[in-house]
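The values are calculated or read from the model by the stated rules, or taken from the named source; none is laboratory data. Treat the numbers as computed from the prediction; the structure is a model and nothing was measured. Methodologically, a virtual Cβ is constructed for each residue, glycine included, from the backbone with ideal geometry; neighbour enumeration extends over all protein chains shown.
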Amino acid sequence: MARYPHLPRRAVVLSFEGPDRYAMVGGLGVRASELSVALADAGFDTDLIYVGDPSLPAVESRAERFTVRRWCQWISAYHPQGVYDGEWGKINDYGSSVPPFLLANVVEPAAARGERVLVLAEDWQVVPAVLGLDALLRRAGVREAATIVWNANNTYGFDTIDFDALASAAHITGVSRYMKFELALTGAEALVIPNGIPERIFDEVKASDVAYLRRVLAGRHMLLKVGRFDPDKRWLQAIDAVADLRDAGTNVQLVVRGGKEPYASVVFGRAVERGLRIEDVTFEKPTVEAIADTLAGSQADIVNVRSFLPDAMLYTLYGAVDAVLANSGKEPFGLVGLEVMAAGGIAVCGSTGEDYARAFDNAIVCDTSDPLELATYLDRLFDNAAIQSRIRENAPITARQFSWPNVLDVLDAKVAFMSERA
C-alpha cells in the first residue's frame with residue numbers, strides 16, 4: 001500500500017509567495033516552496049503558482065514532478081520592490097486568471113481520466129482565486145474532480161474574507177491549534193495540518209562546525225535572534241532581558257539578524273537607552289571561521305549582522321549558540337523554533353502556535369512579554385548543564401516528527417476525511 005493512498009496524484013499549490021527572492025518574504029514563501037517540493041519528492045505531479053520574479057521564465061521545471069508557474073509577471077514588471085508591491089492589482093489578476101487556467105489545463109483533463117486534483121491554497125490573497133475556482137468548476141460540471149483546501153498561516157487579511165462563502169468553496173485548515181482557535185473566532189471550523197521542515201536540515205549541520213563555533217565562543221553566553229523587526233516578535237523583551245542579564249553580571253552577547261523594517265529604530269533605540277553597545281557587521285563570505293573570528297573579537301553587547309546568511313550557516317549558528325530567541329508574542333506556528341530544534345539547538349519560544357514546544361524538555365517557553373521571565377529562564381538554562389543536555393537531546397527527536405514526509409501523513413489522513421465528507 002502506498003504511503004499516501006488518499007492524496008491525488010496531481011497537486012497544485014496556490015500562494016502569493018514562492019521560491020524567488022522577489023517572492024520570498026517570510027514563512028509563507030518557505031511553506032509554499034517546501035510543501036511543493038515535498039509533494040513532488042513523494043511522487044505527486046505538483047505545480048506551484050505564485051507571484052514570481054518578472055525577469056524569470058513564466059514556467060520552469062524544477063524537478064521531474066515539480067513545476068513553478070510565475071503569475072502576474074506583467075504587473076510585477078511595474079512593481080520591482082517585491083511580491084507585495086502593487087498587491088491589490090496582483091490579487092485581482094491572480095483571482096481572475098488562475099481559475100480558468102486550472103479548469104482547462106488541470107481539472108478537466110483529470111476529470112476526463114477519472115482522477116481528482118488536490119488544490120492547496122495558502123493565505124488570504126488567494127481567497128478570490130479559491131472562490132472563483134469553485135464557481136467555475138461547478139458551472140463546468142467537474143467540481144467533484146477537485147479537492148480544494150484553503151489554509152491559514154496567519155490572521156492577516158481575515159477582515160477581507162467572507163468565511164461563509166469560503167467554507168462553501170473549500171475545506172478550511174490552519175497550521176496549529178492556535179490558528180484553529182483564531183479561525184473559530186470568525187465562525188470557521190478548521191482542521192489542523194502543521195507546518196513542516198525539510199529533512200535536509202538534519203544533514204546540513206556539520207557537527208565539526210558547531211563544535212568549532214562553541215569552542216571559539218565559549219568565553220561568554222551567546223544568544224541569537226533572527227526575524228523581521230516587528231513588535232509581534234518581542235524584540236524589546238529580548239533587548240531588556242539581555243540588559244538585565246548584563247546588569248546582573250552575566251557575560252552575554254546577542255547576535256541579531258533582522259530585516260529592513262522601520263521598527264528596527266525602536267529596537268536599537270531601546271538598546272541604546274539600556275546602555276548596550278551595538279556593532280554592525282557584514283560578511284563578504286560568511287564562513288564559519290569568519291563568523292567565529294568576528295563574534296569572538298567583538299566587545300559589543302549586540303552584534304547586528306547586516307549581510308545575508310545562507311540557511312546552512314544559520315543552522316550551524318542555531319546549534320552552536322546557547323539559545324535562539326524565537327520568543328514571539330503571536331506566532332501562528334513558529335517555524336524558526338522548529339528549525340532550531342532540528343539543528344540541535346535550544347529554542348526559546350513563545351506560547352501561541354508552537355504546539356511542539358514543551359518547557360524545559362525540548363525548548364524554553366515564555367508565556368508573557370515580561371523581560372524578567374525571559375532573563376530568569378535564560379539564567380536557569382546557563383547554570384544547569386542537565387537542562388541544556390536534555391533539551392539538546394530531545395529537540396531533534398521532536399523536530400523529526402515535523403519533517404515534511406511525516407506532515408504529508410497528516411495531510412493524507414485529513415484529505416481522507418474531506419473525501420468522505422464531500
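What do you reckon, is residue 395 buried (at least 19 other Cβ atoms within 10 Å of the Cβ), outside the structural domain of residue 36 (by TED's automatic domain parsing), closer than 22 Å to residue 338 by Cβ and within 22 Å of the chain's Cα centre (by Cα)? Let's see the steps before the verdict.
On the way: buried (at least 19 other Cβ atoms within 10 Å of the Cβ): yes; outside the structural domain of residue 36 (by TED's automatic domain parsing): yes; closer than 22 Å to residue 338 by Cβ: yes; within 22 Å of the chain's Cα centre (by Cα): yes.
So residue 395 passes the test.
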Number of the condition not met by residue 315 [criteria: (1) over 23 Å from the mean Cα position of the chain (by Cα); (2) in contact (Cβ under 8 Å) with a residue 12 or more places away in the chain]: (1)
Residues (in contact with a Lys or Arg (Cβ under 9 Å, 6 or more places away or on another chain), among the acidic types (Asp, Glu) and surrounded by 14 or more Cβ atoms within 10 Å (Cβ to Cβ)) located in region 180-206: 199
Some residue of region 222-234 being in contact (Cβ under 8 Å) with a residue 60 or more places away in the chain, surrounded by 20 or more Cβ atoms within 10 Å (Cβ to Cβ) and over 24 Å from residue 153 (Cβ atoms): yes
Single condition residue 286 does not satisfy, out of (1) out of contact with any strand residue (DSSP E or B) (no Cβ under 9 Å at 6 or more places or on another chain); (2) part of a loop (DSSP other than H, G, I, E, B); (3) at pLDDT below 95: (1)
Looking only at region 343-386, and only at residues there that are among the acidic types (Asp, Glu) and within 27 Å of residue 183 (Cβ to Cβ), the one that is nearest to the chain's Cα centre (by Cα): 354
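Only residues that are outside any strand (DSSP E or B) and more than 18 Å from the chain's Cα centre (by Cα): list them for region 183-196, please.
So the first thing to find is which residues in region 183-196 are outside any strand (DSSP E or B), and the list is 183-190, 193-196.
Within region 183-196, 183, 184, 185, 186, 187, 188, 189, 190 meet the criteria.
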Selection within region 311-346 - among the aromatic types (Phe, Trp, Tyr) and in a helix (DSSP H, G or I): 315, 318
Sole residue being touching a Phe, Trp or Tyr at 6+ places or on another chain (Cβ under 8 Å) and within 22 Å of residue 59 (Cα to Cα), chosen from 107, 126, 119: 126
Failed condition for residue 177, given (1) surrounded by fewer than 16 Cβ atoms within 10 Å (Cβ to Cβ); (2) outside the structural domain of residue 165 (by TED's automatic domain parsing); (3) under 18 Å from the mean Cα position of the chain (by Cα): (2)
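Identify all residues within region 1-20 that are among the basic types (Lys, Arg) and not in a strand (DSSP E or B); write none if there are none. I'd like the intermediate steps shown before the answer.
The first filter runs over region 1-20 and keeps only residues among the basic types (Lys, Arg), leaving 3, 9-10.
Within region 1-20, 3, 9 qualify.
Evaluate region 320-328: report whether one residue or more is more than 24 Å from residue 210 (Cα to Cα) and charged (D, E, K, R).
Looking only at region 320-328, we keep the residues that are more than 24 Å from residue 210 (Cα to Cα), and these are 328.
Applying the additional criterion that residues be charged (D, E, K, R) yields none.
No, there is no match, as no residue in region 320-328 is more than 24 Å from residue 210 (Cα to Cα) and charged (D, E, K, R).
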Search result, residues across region 46-66 that are crowded, with 18+ Cβ neighbours inside 10 Å and either closer than 16 Å to residue 32 by Cα or touching an Asp or Glu at 6+ places or on another chain (Cβ under 9 Å) (or both): 46, 47, 48, 49, 50, 51, 52, 53, 65, 66
Qualifying positions in region 197-211 - farther than 18 Å from residue 346 by Cβ and either within 18 Å of the chain's Cα centre (by Cα) or assigned to a helix (DSSP H, G or I) (or both): 198, 199, 200, 203, 204, 208
Residue list for region 259-295, restricted to those being farther than 18 Å from residue 221 by Cβ and among the polar types (S, T, N, Q): 265, 282, 287
Candidate set from region 260-280 (those that are among the aliphatic types (A, V, I, L, M) and buried (at least 18 other Cβ atoms within 10 Å of the Cβ)); member that is farthest from the chain's Cα centre (by Cα): 276
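Of all residues being of a type in the set (D, E, K, R) and within 23 Å of the chain's Cα centre (by Cα) in region 78-107, which is surrounded by the most Cβ atoms within 10 Å (Cβ to Cβ)? Just the residue, please.
The first filter runs over region 78-107 and keeps only residues of a type in the set (D, E, K, R), leaving 85, 87, 90, 93.
When the remaining residues are screened for being within 23 Å of the chain's Cα centre (by Cα), the result is 85, 87, 90.
On the way: 85: 15, 87: 15, 90: 20.
So, considering only residues that are of a type in the set (D, E, K, R) and within 23 Å of the chain's Cα centre (by Cα), the one surrounded by the most Cβ atoms within 10 Å (Cβ to Cβ) is 90.
Scan 290, 296 and give me the residue that is of a type outside the set (Ser, Thr, Tyr) and free of Cβ contacts under 8 Å to residues at least 24 places away in the same chain.
On the way: 296 fails: free of Cβ contacts under 8 Å to residues at least 24 places away in the same chain.
When all the criteria are applied, what remains is 290.
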